[in-house]
Amino acid sequence: MKKPIKMVALLLSLPLVLAGCKGNNNQVVENDLPEQEIEENVISDNEDGEIKYDKDLEYNIYIEKNVVTPSSDNTDPEDTTDTKEPETDIDTEEPETDSDLLKENPEIAAYLEINYEEVDTKGLSKETLNLFAPCAIYLENGGYTTNGDMLSSMDYHDIYDFLYDFLEAAGSEQVHGFDYDFLTTQSRMKYEDWEYLLTEVLNENNPEIVLNKLPNEFGGEVSVYYNPEDNYIYTERGTLGWEQSAEVREVIREGDAFIITYDLYTLGSYLIGVAEVTIAEADNKYGYSLVGVDRIKGFDEWIWNEFYFE
């Protein structure tokens, strides 16, 4: 049965071929067969399996647009309800700024409302104010020079920061700065000048005890040491910079004495405390000597650390 069916199918396809040939002329070809022939050319099967022609058989093609393919989870394609899980809100709280931090600490904010350039220094020179600034930064609260052992009573690790700044402010001689040959900056002062500074300005009775506390060479990022070969006291530090500083807030004169109020800063701009340094006029080349140091205000350093160094 397969071969006869193929033959009939071949004969039936001839009109389509002829129609296709006409189509090559870019003309719309209308079916010019009589209705009777059309009726005879429509194929259907009868109960005996024989091929018949059915004029009522029609072939209609429908193309649906915008068809949504059903998902594998049996979700109704027309259900437009948003089933996506809501996004969890992320904490978008703005980080604290300097202003926010100061609003929470109005006492610090009040202290920062000052123009240091306009402070009345009661005639004290910038050199004098700089000379006694290390006393405010490093020396202990309540430290007075009455007993003559302010430095000799302390360990080297308690005084080397102070001595470094103090000798620099007193006019030590720079040996070299940072360059391609040196990774440190170094200054020095003759032992005689160093001893004079301690005895006349700090009222230290035992400078030789302080000398014995000093190492004989550079031994860390910041060092103050004595070189017996040339009899100099050296100050030397590496490239990490410096953290502590002080600004004059107020100067009060009481007879021959001056009370200098210093604001104490760390890392250049973070106020951590306030100290009073009392000095008196003295017959030495610096003009003044130290009387004592009092810490009158201490702002908790964690306030700044909590925000800036997390």
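Listed values, structure above:
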read-out: Förster-model FRET efficiency, 51 Å R0, E113 and F182, C-beta, rounded to 0.05; value: 0.75
read-out: Square roots of five times the Cα gyration tensor eigenvalues for segment 132-209, Å; value: 25, 14, 11
read-out: Rounded to whole Hz, the Karplus (6.51, -1.76, 1.60) HN-Hα couplings of segment 208-215, x for glycine and proline; value: 5, 5, 5, 4, 5, 7, 7, x
read-out: Per-residue HN-Hα couplings for segment 124-133 [Karplus 6.51, -1.76, 1.60; θ = phi - 60°; Hz; x = Gly/Pro]; value: 6, 6, 4, 4, 5, 4, 5, 5, 9, 4
read-out: Selection of GluC sites (Glu not before Pro), segment 100-170, meeting DSSP coil and at most 16 other Cβ within 10 Å; value: E113, E140
read-out: Formal net charge of residues neighbouring L131 (Cβ-Cβ distance under 13 Å; K, R +1; D, E -1); value: -2
read-out: Where Rh is the Kirkwood radius over Cα pairs, Rg/Rh for segment 173-310; value: 1.02
read-out: Summed side-chain charge close to T146 - residues other than T146 whose Cβ falls under 15 Å, Lys, Arg +1, Asp, Glu -1; value: -4
read-out: For segment 119-184 versus segment 225-283, the gap between their alpha-carbon centres in whole angstrom; value: 5
read-out: Cross-link pairs K122/K285; K126/K213; K122/K297; K213/K297 - those with Cα-Cα distance over 29 Å; value: K126/K213; K213/K297
read-out: ³J(HN,Hα) computed for each position of segment 275-283 - Karplus, 6.51 cos²θ - 1.76 cosθ + 1.60, integer Hz, glycine/proline x; value: 9, 10, 10, 9, 10, 9, 4, 9, 8
read-out: Rounded accessible area of H157 (nearest 10 Å², 1.4 Å probe); value: 150
read-out: Debye intensity ratio in log₁₀ form over the Cα atoms of segment 93-242, taken at each q of 0.16 Å⁻¹; value: -0.95
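The values are calculated or read from the model by the stated rules, or taken from the named source; none is laboratory data. The structure presented is a predicted model; accordingly, all values stated were derived computationally and were not measured. Counting neighbours? That spans all protein chains shown, and the Cβs are built from the backbone with ideal geometry, glycine included. Side chains are part of the model used for accessible areas, which takes the heavy atoms of the whole protein and leaves out ligands, DNA and RNA. Shrake-Rupley method; radii C 1.70, N 1.55, O 1.52, S 1.80 Å.
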